[in-house]
Amino acid sequence: MTSPLTHQEPVTVRVFTQRFSSTPRGARLARRLALHQLDRWGVPHGTAASDTAALLVAELAANAVTHGRVPGRDFELTLTHTPGRLLRIDVSDTRTERRPPAPGALTGPAPLGDAGRGLLIVEALASRWEVRDRVPVGKTVRAELDLSSHRSSYPQTATPRH
């Protein structure tokens with residue numbers, strides 16, 4: 001017995017990966033290049049999806065530079081984009097022993113503290129996030145953004161540039 005064929009639209013998944021120096025300058029560059037790449041993929045600057053992605057990349061890159069830095073080692077940014085559906089942001093560093101708390105287990109920062117807000121921002125903005133082991137060494141913090149919820153600011157007629 002055979003099942004009827006159903007027509008499915010092809011799905012194009014785009015991937016961007018770049019390593020950056022584990023410095024504040026590297027974190028800023030990661031954010032800028034991520035926004036540039038998203039714009040090339042048809043997620044224009046200034047849209048809700050672009051602005052949210054910028055904040056997520058900025059926070060994850062800053063955390064990699066601040067908490068995951070190993071002298072002489074870079075951090076890595078990977079963007080995976082399924083148009084109109086999903087944006088996955090992976091930021092990897094080589095420090096295995098300093099892992100952030102699990103999603104949902106975050107506590108707020110000290111009332112007068114200068115730190116501790118980054119992952120709270122990630123938790124508030126991302127559709128999902130998690131910490132994964134990185135092979136052979138380190139960790140990856142992954143944040144996912146469901147683009148279908150940002151469709152009102154996502155041009156329907158835009159043709160992604162490659």
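Quick notes on this one:
- T78 being touching a residue at least 60 places away in the same chain (Cβ under 8 Å), open to solvent by 10 Å² or more (accessible area, probe 1.4 Å) and not in a strand (DSSP E or B): no
- Matching entry among L56, L60, L35 (being among the aliphatic types (A, V, I, L, M) and closer than 14 Å to H81 by Cα): L35
- Taking (1) open to solvent by 60 Å² or more (accessible area, probe 1.4 Å); (2) over 15 Å from the mean Cα position of the chain (by Cα); (3) modelled with pLDDT of 90 or more in turn, D51 satisfies each apart from (2).
- Check on R28, more than 19 Å from S127 (Cα to Cα), open to solvent by 10 Å² or more (accessible area, probe 1.4 Å), free of Cβ contacts under 8 Å to residues at least 60 places away in the same chain and outside any loop (DSSP other than H, G, I, E, B): yes
- Of everything in region 63-96 that is among the aliphatic types (A, V, I, L, M) and modelled with pLDDT of 95 or more, the residue that is farthest from T23 (Cα to Cα) is L86.
- Just one of the numbered conditions (1) among the charged types (D, E, K, R); (2) within 17 Å of the chain's Cα centre (by Cα); (3) surrounded by 15 or more Cβ atoms within 10 Å (Cβ to Cβ) is not true of R19: (3).
- One residue stands out in region 2-16 among those that are open to solvent by less than 100 Å² (accessible area, probe 1.4 Å) and among the aliphatic types (A, V, I, L, M): the one that is modelled with the lowest pLDDT, namely V11.
- Only one entry in E123, E130 is surrounded by fewer than 20 Cβ atoms within 10 Å (Cβ to Cβ), modelled with pLDDT under 95 and in a strand (DSSP E or B), namely E130.
The values are calculated or read from the model by the stated rules, or taken from the named source; none is laboratory data. It should be emphasised that the depicted structure is a prediction, and the values quoted were computed from it without experimental measurement. All Cβ positions, even for glycine, are placed from backbone atoms using ideal geometry, and neighbour counts span all protein chains on display. Just the protein is used for accessible areas: all its heavy atoms, side chains included, with ligands, DNA and RNA removed. Shrake-Rupley method; radii C 1.70, N 1.55, O 1.52, S 1.80 Å.
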